[in-house]
Structures are given as C-alpha cells and as structure tokens.
1. All but one of (1) among the β-branched types (Val, Ile, Thr); (2) in a loop (DSSP other than H, G, I, E, B); (3) closer than 18 Å to Gln120 by Cβ hold for Val18, so report the exception by its number.
2. Give the residues of region 33-52 that are surrounded by 21 or more Cβ atoms within 10 Å (Cβ to Cβ), under 10 Å from the mean Cα position of the chain (by Cα) and among the polar types (S, T, N, Q), sorted by residue number.
3. Just one of Pro95, Pro25 is assigned to a loop (DSSP other than H, G, I, E, B) and either touching a residue at least 40 places away in the same chain (Cβ under 8 Å) or under 12 Å from the mean Cα position of the chain (by Cα) (or both); which is it?
4. Can you find a residue that is in a loop (DSSP other than H, G, I, E, B), among the hydroxyl-bearing types (Ser, Thr, Tyr) and surrounded by 15 or more Cβ atoms within 10 Å (Cβ to Cβ) anywhere in region 76-92?
5. Looking only at residues in region 14-28 that are of a type outside the set (Val, Ile, Thr) and in contact with a Pro (Cβ under 8 Å, 6 or more places away or on another chain), which one is surrounded by the fewest Cβ atoms within 10 Å (Cβ to Cβ)?
6. Of all residues in region 44-63, which are among the small types (Gly, Ala, Ser) and either touching a helix residue (DSSP H, G or I) at 6+ places or on another chain (Cβ under 6 Å) or outside any helix (DSSP H, G or I) (or both)?
7. Hey, among Val81, Val123, which residue is in contact with a Ser or Thr (Cβ under 9 Å, 6 or more places away or on another chain), touching a residue at least 60 places away in the same chain (Cβ under 8 Å) and hydrophobic (A, V, I, L, M, F, W, C)?
8. Give region 98-113 a look and list any residue that's of a type outside the set (S, T, N, Q), in contact (Cβ under 8 Å) with a residue 40 or more places away in the chain, surrounded by fewer than 19 Cβ atoms within 10 Å (Cβ to Cβ) and not in a loop (DSSP other than H, G, I, E, B), or say none.
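The values are calculated or read from the model by the stated rules, or taken from the named source; none is laboratory data. Only a predicted model underlies this, so the values are computations on that prediction, with no experimental measurement involved. Neighbour counts are summed over all protein chains in view; Cβ atoms, including those assigned to glycine, are modelled from backbone coordinates with ideal geometry.
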Amino acid sequence: MDLDGGFTMPASASPSVVPVPFSNPAHVDPEEAFVASISSCHLLTYLYLASRQGFCVHHYRDEAVGVMTRNEKGVPWVSSVTLNPQIAYTGDKRPAPQDEERLHHLAHEQCFIANSIKTQVTVKGTPHEQIT
C-alpha cells in the first residue's frame, strides 16, 4: 500500500480471516489500519486542542482496541473501538482530569475519521503522568 510522501506499508489480509501462507501476520491488515486511523486522528486532534489550551504534551501513547462483530446480515464489521490514551505533560500548566475529559470529548467531536464512521468509539480515561 503506497501512502502520501512515498511511504510504502506492507499490507495483508488478517491471518484470522485468510490463513497463512495466503496472508502475512507481519503486515498490517485492513482492520488494524482502520483502528490505527481512528486512534491517530484522535491523537492529532487532541494534541492540537491541548496546545491551544496551553498544555504541553510530552508523550501520548494509545493502545487502541477494535472489536469485530457481525451485523444483522451476518457480515463482520468493526463495531467498536476503545482508545486507551496514556498522556504525559510537561511545563507549568497541567490539565485537571476534567480538562482532559473535555479535550477528549472535543477531539472526538472534531476528528474527521470519527465523523465519517458508524463504529462506536470510546475513550478510556487514564490518569495523566506528570513530567518534570
């Protein structure tokens, strides 16, 4: 799969759907790419909003998890994605938990990907780490 900027990402069907050797578990499958796109859109929107509020994000890590179910026609789909952000801040101004909750809510509302899908997206709250 060729992406903007000349980056090439090896892609394959998921080995859970298409058995090896017809798939490659070392390559990104479409479901993983979908979950990653939701996660990265939320991350980038969150970083923008946090910076506009004067918060300096030192580290943002997300271990997003997607769940596949079958729809009413029996077709598998990614029905839900849970984002699990772990965020560390630096600088004098640190967000309170309610600030982070508000920023995540706004990030979800403004994320282009989240506004383009029917998948339920949940952001799990995690206490932020303080960086000195």
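1. Just one mismatch for Val18, condition (3).
2. Scanning region 33-52 gives a single hit, Ser39.
3. Pro95
4. no
5. Ala26
6. First, the residues of region 44-63 that are among the small types (Gly, Ala, Ser): 50-51, 54.
Within region 44-63, Ala50, Gly54 qualify.
7. Val123
8. Asp99, Leu106
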